[in-house]
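As structure tokens, the structure follows; a few thoughts come after it.
The values are calculated or read from the model by the stated rules, or taken from the named source; none is laboratory data. Bear in mind the structure is a predicted one, so any value in this text is a computation, not a measurement. Cβ placement follows ideal geometry from the backbone for every residue including glycine, while neighbour counts extend to all protein chains displayed. Heavy atoms of the whole protein, side chains included, go into the accessibility calculation; ligands, DNA and RNA do not. Shrake-Rupley method; radii C 1.70, N 1.55, O 1.52, S 1.80 Å.
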Amino acid sequence: MAARDPDVLELLLPRAEEDRRGGARRITTFLRLLVDDGRRRAGETVGLGLEEARGEMAELTRRELVVSLEDLLRHHLRAALDPASFQDPGEPGRSVRECWSQMERARSGEAEVPDVPAPGESALAVAERLLAARARLAGEDGESALWEARLRGARDGPEAGEAGWRAILAKTGPEAPSHPAARAAVEGVARSLLDRGGVRAARDWLEEHLGLVASAPGSAWLLAWCHLLAGEPERAAEAVRGLAPPAGALPSPLRELAERVPDWAPLFPGAVRSPRASAESGAQIAFREGARARFGAVFLAVLARASAGAARVVAADAAPGLGPRLAAWRRGWEEGTGAGEAERCLLVEARPVRSHRRGRTPLAGALGPERSLAIAREPIRDDEGEVLGWIHLECEHHLLPAGRHLAALAQGWRSRVEAVAERPAGGGEHRGRPPSARPETLPEDDPRSAAARELWAELGLKTAQRRWWCHDVEGGEVHLAAEGGGAFPLWRLARGRGHALARALAAGGPLWWADPDPHLAQCAEAASGLAVPLLERGEVRAVLGVESTRRGDFRPADVERIARAARAFAPRWRAAQFRAWHRERFGHDIHLDPAGLGLGEAVRALWAAGRARAPAALVGPAGAGKEVLARTLHFEGPARDLPLVSFPCALAPRDGGGFPPAAGGGTLVLDEIGELPPLAQIRLREHLALPAAPGRDRPARLVALLCTPLASLVAGGRLRADLAASFQRLEIHLPPLADRRDEIPALVRLFLGRFAAEEGVAPPRLTDTAIALLWRQPWPENVRELEALVYKLAVFHPGELVDAEGLGALARRFSLDLQARLPSRRPREADLRAALRATRCASGSPNKTRAALYLGWDPDTLAARMAELGLSGAES
């Protein structure tokens, strides 16, 4: 609309209220008309001049009322429009009070004007009355249709507004290129398309009407924004070069985009201005049906949080062409492989995350990586602000919906997501978990408690002003394994909410806070803290929490260092969990070192194979511990609480009867499968070939224990080739104890404690020379032979201090000949590495004197052999 002519009275009375200026305007107009009437020619009556004066004054009043009505329409439409809308009725020239004062003055002059808004009357209802009043005053002046289209868009949505603008274009006909209404209608259609998320449709529309766009700066800015949102920033910059900034405030999605991508801020000059305020809150619509199309998205999904790294897809709607990918995308979330850095940030910080594609690199986690330019992830929170799930929305442009719209959508889905979301335990009252039958704090002699203390000792953090907690995470339950430190000794009396633990569990990543936050902290008095998960094979095995009396006690570098140490320690924690399960199930502890030089590789292979249902084979010499390690496969599988049955194959009947491969859906361990009679092998092969069928009991997981590799059994005619093939897919070899010497000191301590407890005596104490003597033996019968000798020590030397001489005397009593030293000529490199590793100092550096003692050599011989092999000691 054209600007009004300058008002002389505004220049003469700059500080006067509009009421006074309006009265002065009428007086001066009337006096001017009287002067003009006095100058009329003879024969003209004064009455006629007065009638003209009255008519001109009425026209002036009418025009002023129309201007005031249009300003009021602008005010009320802006109040009714969502701040995210691209529709803009223009900047009002006068305030609401000034306009209604003008209405009241006209009413006193018996003009027909609308009433002031009634209490509680909506902005849209007032706008409808104002538009009707304008139509009565202005008639068919060409502007009414424009105001009607604006009102339709604000009242009925962008689709209705677009229809109104297109109807105006249809009426302008061939005059469209020069018709002012046509220019407004072209821009109105584009703004309606943008409100529907149709970025490319709006761009194509404006380019189709480029002649009109060139003469309208507002349309030129719209076209530039369309280029940018469609991933064409260079064309956007070229389109607005030399143009003045657009009038009015930016729609909130563009302001939010300018904040997320500062490089694009020059294309949003309105971002520095305050957004237009809404006079009414508006309905918080939780879009459900048609939400994807409403937001102009190519993919919309609602996810509920499950275990760390996993989620349940509650609802999903993909654009045509992306549907076939949805099953794989859903499966990735259910299996825990879908989470990326964006989801971890959302879960850890409980805040929205927006991602924009820059360059050619696709966005991580996108269903349509080649199409999607932006992804919005909006958290669905519970009453305490913790994340239950989130909205995942992808657009093939950068125009993501306004934050308040996505928040409303998230709120609308809360009840459904809350019903299926898994709440990680770990808060003050273990929310969402049934009460545990076990005590909240694990016993001090539990392997996990010992592992927690080992982890804290390895971190080397000062404790005077800090307190630490380590929580075990197993089977959906969280228990405090150990705690310590000098700060907050009475933390249970000033307990915080502890939601940092829950967030670390949900996100599988570390978080920290620099200022007091009782919502996150376990101790409400903590000034700062962190929570770091111990991740092993993508699963959280434990969470370490540290809190301090000092603000800002943890910097990002500190958190990263602790996180690295936690990741490195996680396999040892998993071993401690297995040991705790084994002690509860079988009544005694075992030794399992996933970092061992000899056994570590086999243990890691067993863990990887644990969740598979395929048959597995453990191959190793007699007495190497195959039966114990078979239990790790059962522990790592989904049926750890079901039966674990061991069957000696030599006892199978010759006719194949009485050999059901069943263990109640658990694990069946077949000891020396090569000793199965031929008919039993046939029956077992037939069982393995049976397809899964509804209603049939889940078959047992089969694990074969062998001293001879499967291929050798087949070659010797002791095992059917087709049966061997079923086990060869997961054939894992275990080394003899002589190749696992680094385990011997720990095994000796374990056996001494177990046998002394069984016999009710004090365990013997061994000197370093005695341990060294045991360490260097070849142990042809492996762990079983070592176990037998240690049992003799517990029985014949209870509570005594035993050195190498006493140990040798005990061995000779039972006709055992212990070798005094390992061969020093052409020694095995593995033995040197094992000796150096087993005798490291607390700092981690090698102790060559003790290593030589373990080998039975003098230190000079060890140094010479290390030089020959190029070993420094640090590599062991």
Just need a number here: residues in the stretch 214-236 that are farther than 25 Å from ASP263 by Cβ and either assigned to a helix (DSSP H, G or I) or β-branched (Val, Ile, Thr) (or both). 1
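Would you point out which residue out of ALA118, ALA149, ALA125, ALA154 is modelled with pLDDT under 90 and either in a helix (DSSP H, G or I) or within 18 Å of LEU72 (Cβ to Cβ) (or both)?
Working: ALA149 fails: modelled with pLDDT under 90; ALA125 fails: modelled with pLDDT under 90; ALA154 fails: modelled with pLDDT under 90.
One residue alone meets the criteria, ALA118.
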Checking MET866 against (1) assigned to a helix (DSSP H, G or I); (2) buried (at least 19 other Cβ atoms within 10 Å of the Cβ); (3) over 53 Å from the mean Cα position of the chain (by Cα), which test does it fail? (3)
Is there any pair linking a residue in the stretch 324-346 that is surrounded by fewer than 13 Cβ atoms within 10 Å (Cβ to Cβ) to one that is among the charged types (D, E, K, R) and not in a loop (DSSP other than H, G, I, E, B), with Cβ under 9 Å and at least six apart or on different chains, and which? THR337/ARG331
Scan the stretch 706-720 and tell me whether some residue there is in contact with a helix residue (DSSP H, G or I) (Cβ under 6 Å, 6 or more places away or on another chain), farther than 27 Å from GLU781 by Cβ and of a type outside the set (Asp, Glu). yes
Please find, within the stretch 505-532, the residue that is nearest to GLU477 (Cα to Cα) out of those that are over 21 Å from the mean Cα position of the chain (by Cα) and hydrophobic (A, V, I, L, M, F, W, C). CYS523
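Name the helices (runs of 4 or more DSSP H) wholly within the stretch 732-851 that hold at least 3 residues that are open to solvent by less than 60 Å² (accessible area, probe 1.4 Å), under 30 Å from ALA616 (Cα atoms) and in contact with a His (Cβ under 7 Å, 6 or more places away or on another chain)? Walk me through how you get there before you give the answer.
Working: elements: 744-759, 768-775, 782-796, 804-813, 829-838.
Passing ranges, in order: 744-759.
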Determine which single condition GLY598 fails, assuming it passes every other condition in (1) under 45 Å from the mean Cα position of the chain (by Cα); (2) surrounded by fewer than 18 Cβ atoms within 10 Å (Cβ to Cβ); (3) touching a residue at least 40 places away in the same chain (Cβ under 8 Å). (2)
Do you know which of the residues in the stretch 348-373 that are touching a Leu at 6+ places or on another chain (Cβ under 7 Å) and open to solvent by less than 20 Å² (accessible area, probe 1.4 Å) is farthest from GLY231 (Cα to Cα)? VAL348
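Just wondering, is there one or more residues in the stretch 96-109 that are over 60 Å from the mean Cα position of the chain (by Cα), at pLDDT below 85 and not in a helix (DSSP H, G or I)? Talk me through it step by step, then tell me what you get.
In the first step, residues of the stretch 96-109 are kept if they are over 60 Å from the mean Cα position of the chain (by Cα); the result is 105-109.
After this cut, where a residue has to be at pLDDT below 85 as well, the list is 105-109.
Next, from what is left, pick out any that are not in a helix (DSSP H, G or I): 109.
Yes, some residue in the stretch 96-109 is over 60 Å from the mean Cα position of the chain (by Cα), at pLDDT below 85 and not in a helix (DSSP H, G or I).
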Please count how many residues of the stretch 129-156 are in contact (Cβ under 8 Å) with a residue 24 or more places away in the chain and open to solvent by less than 60 Å² (accessible area, probe 1.4 Å). 16
Quick check on the stretch 252-288: of everything there that is modelled with pLDDT of 55 or more and charged (D, E, K, R), which residue is nearest to the chain's Cα centre (by Cα)? ARG260
Considering the stretch 323-379 alone, what residues qualify as being in contact with a helix residue (DSSP H, G or I) (Cβ under 6 Å, 6 or more places away or on another chain), of a type in the set (Gly, Ala, Ser) and not in a strand (DSSP E or B)? GLY338
Which is open to solvent by 40 Å² or more (accessible area, probe 1.4 Å) and touching a His at 6+ places or on another chain (Cβ under 9 Å), of GLU234, GLU256? GLU234
